[in-house]
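Colleague: Handing you this structure, nothing more for now.
The values are calculated or read from the model by the stated rules, or taken from the named source; none is laboratory data. Everything numeric in this text was worked out from a predicted model, so none of it was measured. Cβ placement follows ideal geometry from the backbone for every residue including glycine, while neighbour counts extend to all protein chains displayed. We work out accessible area using only protein heavy atoms, side chains counted, and drop any ligands, DNA or RNA first. Shrake-Rupley method; radii C 1.70, N 1.55, O 1.52, S 1.80 Å.
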There are 2 protein chains.
Amino acid sequence: MGNVLDGLAGIVGDDKVTAKEEDLLRYAVDQAPVTDFQLPLAVVFPESVADVQAVVRSCAAAGIAIVPRGAGTGVSGGAHATRNSIILSLERMDRILAINADDETAVVEPGVVNAVLNEAVAPYGLMYAPDPASFRSSTIGGNVATNAGGLRCAKYGVTRDSVLALDVVLADGSLIHTGHQTFKGVAGYDLTGLLVGSEGTLGIVVGVTVRLKYLPQEVHTIAAFYPDFRSAAAGVLAVGKARVQPAIMELLDGGTLAQLDDLYGSDLRARGRSLLLVQTDGFGAAAEADVVRRVLQAGGATVTTEASAEAERLVELRRHSRGAEVDDEYRVGEDVAVPRSRLVDYVAALESMAAQYQVQLKVVAHAGDGNLHPTFWIERQADAVDPDAMERLQSALDHSITEALAVGGTITGEHGVGQYKLRWLGQEQPEAVRELQRRIKDLFDPSGILNPGKAI
Amino acid sequence: MGNVLDGLAGIVGDDKVTAKEEDLLRYAVDQAPVTDFQLPLAVVFPESVADVQAVVRSCAAAGIAIVPRGAGTGVSGGAHATRNSIILSLERMDRILAINADDETAVVEPGVVNAVLNEAVAPYGLMYAPDPASFRSSTIGGNVATNAGGLRCAKYGVTRDSVLALDVVLADGSLIHTGHQTFKGVAGYDLTGLLVGSEGTLGIVVGVTVRLKYLPQEVHTIAAFYPDFRSAAAGVLAVGKARVQPAIMELLDGGTLAQLDDLYGSDLRARGRSLLLVQTDGFGAAAEADVVRRVLQAGGATVTTEASAEAERLVELRRHSRGAEVDDEYRVGEDVAVPRSRLVDYVAALESMAAQYQVQLKVVAHAGDGNLHPTFWIERQADAVDPDAMERLQSALDHSITEALAVGGTITGEHGVGQYKLRWLGQEQPEAVRELQRRIKDLFDPSGILNPGKAI
Ligand SMILES: Cc1cc2nc3c(=O)[nH]c(=O)nc-3n(C[C@H](O)[C@H](O)[C@H](O)COP(=O)(O)OP(=O)(O)OC[C@H]3O[C@@H](n4cnc5c(N)ncnc54)[C@H](O)[C@@H]3O)c2cc1C
Ligand SMILES: Cc1cc2nc3c(=O)[nH]c(=O)nc-3n(C[C@H](O)[C@H](O)[C@H](O)COP(=O)(O)OP(=O)(O)OC[C@H]3O[C@@H](n4cnc5c(N)ncnc54)[C@H](O)[C@@H]3O)c2cc1C
């Protein structure tokens, strides 16, 4: 271990490597539950593409695994340290290299924080559309590696749809550029798309060219309170049937409302058992909001009567309604997605699972694209773990996954498989598809040093 | 050859195989220039997934190449027969298997024609967004294999953005399902994205699950005539700067207008040297159209004053402004894309190339995403080929490609590399990137029987 450290420090410089225990602990895990805790050998903070290449070459030679890391906000354990690994933190590579306002593109280093890019392009009337609720801390590199979604993705697309080109350091330390600077381009295979969402297992993202969208001038926000969760979920479908495409359509259940009340002193729970937040934007925002209000009211909602500051404040609260607590072995957040028409039934199924297994449940959903984040938890014991409760929690989790797959869903809509969801991947993907992915992994990383044991 | 035919007929049935000379000739090429004419050994018309699997297995065993084909409207030679090949025409697999209106998805066989799918989903207020100008004849399978773009792609995305899942027959005859039925899904690598745009070289697409978008209720169309092409191209940027995202933004030069006049008896050329057609849609269509009109007028355009039937008719004409003639060795259409800010200069460069090499030029562009279709041609000789003219034509083509790449563009925005553009691919992609793609091809198709010599 001393050797590894010395070797790396010799290559990139002392100030870019640490093996202090407190640093190793801090960088050992992301925000996901930990099933196999490992301390990394070192944490390295490259400041340039050349640094990354040198580190990869040296780890390749020494047979040490590399776990790339952005801000560590991941919730699937994709950035958890593995055995005999270093953490490669891209946080210092945080420069915005170019904003091409006329081309409506930007070029950034991987460590640029999502919100920082958005602030930088806003003066041009532009935005970087994918907006995970972690946008104030997560990095573009991490967003790319997980193909992050977010609140406004039903209208504006996920990370994949905003990435035009990538600079990637491969497992042998070589650097490639994929994609194109233009909005469209079909020369050769879509390597960019293959790398997006590959969770650091195929290469290290060291540069990203993104397409920007127009920052809407007008935004209308509607808060719709419902007497129960099912009717709120039905409201999502009703908006779709009216053929209105909102920018944001977020669904919060009673448990989430209660939690927000606790945290922020609001009185949401008194006003309904479920909340549907809808935001329309652009030149048609007002007209779309009118239709949405009409449709939701017809479905039994109490709707804010005009574009209201309060509704906007609720969207802000929603942006924080995950992350108030960190997942651990007592509390696990999921990320299933189901076809939109199954939302209502799936939500009902979740509620009965919680009852059946006697576990707590709260649900928020990017409902516009059928992506649900149920959190199941059990009360923490002051002194000891209740093994029975732990088992019931796991059963609830497994059951919710099986049910999502049974209705045509997926185990992960946007967070990635990471380490934690590997146990369910075989239920979603047959062996032939998994084998194809293993062979792609082998092709990119024959020695298996890039984030081993993750994603596939 | 007799053996091949007998073998295939024995497997799928007589009525699904032909080796009649007229059929072989008809199916030997798509709409691209032909540089290496080959007659296929046979044309096979599978009617089921099982048929496709049986044909692939039998060709794999016999070492015969398979060239998949949709409607043969491709303009890059991707569907040209190659040496020792059969044409696998998917045209009979043309059933729409499901329209899930609430999920906003549809499942189709590959031979479904783009316009047929759109007609089928329109009654639900839905549309399949990617709309290549060939939408009345090209197939969804062909669109997927080429990652086709179209007129409204600047706003609604290209084919890739509308494909959720694929059924694919691999080179060994096995069938895999990739992707998800939900709008979002990040489990494992994005095999769907890798297959989209792979031009039949990685697998045969036998089923496609697409996401549908909302058919806009309101559409406004603006025709803007300009005294020259440069100002029209500048109009595209001006609309962008006003941060309006039209559904359609098509640019036609004087040569194209003259051609349309010849064909349809219109008087476009008398009204300007260039035409910019803009269509806004959705709830904000009227407000957006107002901004567009103001901005274009300020840039020197003569603009239709209200949503006019004439402007709409012009969009219809534009949809046919490629394909009035088929490309051949005297007339070659290109498909470059450049960053939007370079449109004006690139267009000027094209005009001086035409002058320099004494060749004819006309240009249409999906200008919203910087995708240009310049066509260079020389006058056909009644009796013999003029070798000097042919050389000048090739020089103009090469020069236009080099220039597009020099300003950060790509050799193909939407048509694909096929066979014809292979000669330029090395200028766009360095050897390391090409080698990676060759290795992916090897992984999927170790014997190289799927559309050899195409795409990469
Ligand atoms: C409060 C909260 C809200 C969230 N909301 C959302 C949401 O709405 N939508 C959503 O999609 N996610 C959400 N997430 C999850 C998380 O923020 C995203 O997955 C995010 O994209 C991770 O970015 P990061 O920079 O923190 O990456 P990390 O967590 O550091 O890493 C994530 C993965 O990417 C890899 N990686 C990171 N950087 C690179 C790189 N440069 N090259 C190669 N691989 C790399 C890591 O190895 C790991 O596998 C949320 C998380 C929290 C805590
Ligand atoms: C008038 C005209 C206008 C056009 N406008 C546009 C436009 O606006 N945008 C655009 O992108 N293109 C355009 N094109 C080009 C062409 O229409 C598209 O490339 C279209 O996607 C091809 O579809 P097809 O069914 O004709 O496929 P084909 O031409 O038959 O095949 C195209 C490629 O896909 C492969 N392929 C076909 N089906 C399958 C399958 N099921 N599985 C695997 N591989 C398969 C073939 O091997 C070939 O490589 C235009 C062409 C014409 C003639």
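Colleague: Would you mind estimating how fast region B:43-109 diffuses translationally, via Stokes-Einstein at 4 °C and 1.567 mPa s with the Kirkwood radius over Cα pairs, in µm²/s?
Modeller: 96 µm²/s
Colleague: Here's another thing I want to ask about it. Could you work out what % of the accessible surface of region A:96-214 is carbon and sulfur, using a 1.4 angstrom probe and leaving DNA, RNA and ligands out of the count?
Modeller: That fraction is 53 percent.
Colleague: What lysines could a cross-link reach from A:Lys213, if we take a straight Cα to Cα line under 30 Å and drop same-chain neighbours fewer than 8 places away?
Modeller: Excluding near neighbours in sequence, the set is A:Lys155, A:Lys184, A:Lys241, B:Lys155, B:Lys184, B:Lys213, B:Lys241.
Colleague: Right, here's the next one. What does the charge count around B:Leu450 come to, taking other residues whose C-beta lies under 11 Å from its C-beta (Lys +1, Arg +1, Asp -1, Glu -1)?
Modeller: With Lys, Arg at +1 and Asp, Glu at -1, the neighbours total -1.
Colleague: Moving on to the next point. What is the angle, in °, between the Cα long axis of helix B:285-298 and the longest principal axis of the Cα atoms in chain B? Nearest 10 is fine, range 0 to 90.
Modeller: That helix lies at roughly 60 degrees to the long axis.
Colleague: Additional query: Starting from a label point 7 Å past Cα on the Cβ side, list the distances from A:Ala120 to the same position in the other copies, nm, shortest first.
Modeller: Here A:Ala120 shows inter-copy label distances of 4.6 nm.
Colleague: With a bin width of 20 angstrom, please list the P(r) values of the protein assembly as shown as percents of all Cα-Cα pairs, from the 0 bin to the one holding the largest distance.
Modeller: Histogram of Cα-Cα distances, whole percents per bin: 14, 46, 33, 6, 0.
Colleague: How charged is the neighbourhood of B:Pro110? Take every other residue with its Cβ under 11 Å from the Cβ of B:Pro110, and add Lys/Arg as +1 and Asp/Glu as -1.
Modeller: On the way: positive: B:Arg69, B:Arg92, B:Arg95; negative: B:Glu91, B:Asp94, B:Glu109, B:Asp167.
Every neighbour counted, the sum reads -1.
Colleague: Go through region A:347-425 and name the GluC sites (Glu not before Pro) that are in a DSSP coil and have 15 or fewer other Cβ atoms within 10 Å of their Cβ.
Modeller: Passing both the DSSP loop test and the Cβ count: A:Glu379.
Colleague: Give me the net charge of A:Val12's neighbourhood, meaning all other residues with Cβ under 15 Å from the Cβ of A:Val12; Lys, Arg count +1, Asp, Glu -1.
Modeller: Every neighbour counted, the sum reads -3.
Colleague: Let me ask something else about it. How far is helix A:343-356 tilted, in degrees, relative to the longest principal axis of the Cα atoms in chain A, given as a value from 0 to 90 rounded to the nearest 10?
Modeller: 80 degrees
Colleague: Let me check something: with ligands and nucleic acids excluded, how do B:Asp261, B:Asp386 order by accessible area (1.4 Å probe), largest to smallest? Write out the running numbers ahead of the final one.
Modeller: On the way: B:Asp261 25, B:Asp386 55 Å².
Greatest to least solvent exposure: B:Asp386, B:Asp261.
Colleague: Here's another thing I want to ask about it. Translational D (Stokes-Einstein, µm²/s) of region B:4-48 at 20 °C and 1.002 mPa s when Rh comes from the Kirkwood sum over C-alpha pairs?
Modeller: D = 188 µm²/s.
Colleague: So which lysines pass the test for B:Lys16, namely a Cα distance under 29 Å, with those fewer than 8 places away in the same chain ruled out?
Modeller: Within the straight-line cut-off, B:Lys16 pairs with B:Lys441, B:Lys454.
Colleague: What's the buried accessible area, both sides, between A and B using a 1.4 Å probe, rounded to 100 Å²?
Modeller: Counting both chains, the buried surface is close to 6500 Å².
Colleague: Now for a different question. How would you classify region B:2-89 from its alpha-carbon gyration tensor, with a ≥ b ≥ c the square roots of the eigenvalues: rounded for a/c under 1.5, else prolate if a/b is greater than b/c, otherwise oblate?
Modeller: Note, shape of region B:2-89 comes out prolate.
Colleague: Rounded to the nearest 10 degrees, what's the angle between the helix B:229-241 long axis and the longest principal axis of chain B, both from Cα atoms, 0 to 90?
Modeller: Around 80 degrees separate the two axes.
Colleague: Using 0.36 nm per residue of separation minus the Cα-Cα distance, give me the extension gain between B:Asp15 and B:Asp172 in nm, one decimal. Mind dumping the intermediate values first?
Modeller: Numbers: separation 157, 0.36 × 157 = 56.52 nm, distance 2.43 nm.
Going from the current span to full extension adds 54.1 nm.
Colleague: When only DSSP loop residues count, what trypsin sites (Lys or Arg not before Pro) in region B:334-404 have their Cβ near at most 14 other Cβ atoms within 10 Å?
Modeller: B:Arg380
Colleague: Something else about it: Can you list the copy-to-copy distances for B:Arg95, using a point 7 angstrom from Cα toward Cβ, in nanometres, shortest first?
Modeller: The answer, with the shortest distance listed first, is 5.9 nm.
Colleague: Then there is this: What does the copy distance list look like for A:Ser352, label position 7 Å along Cα→Cβ, in nm and ordered from shortest?
Modeller: Here A:Ser352 shows inter-copy label distances of 7.4 nm.
Colleague: Would you mind getting the Kirkwood hydrodynamic radius of chain B from its Cα pairs, rounded to one decimal in Å?
Modeller: 22.9 Å
Colleague: Please give me, ordered by residue number, the trypsin sites (Lys or Arg not before Pro) of region A:1-58 that lie in loop per DSSP and have at most 16 other Cβ atoms within 10 Å.
Modeller: Loop-located and lightly packed - A:Lys20.
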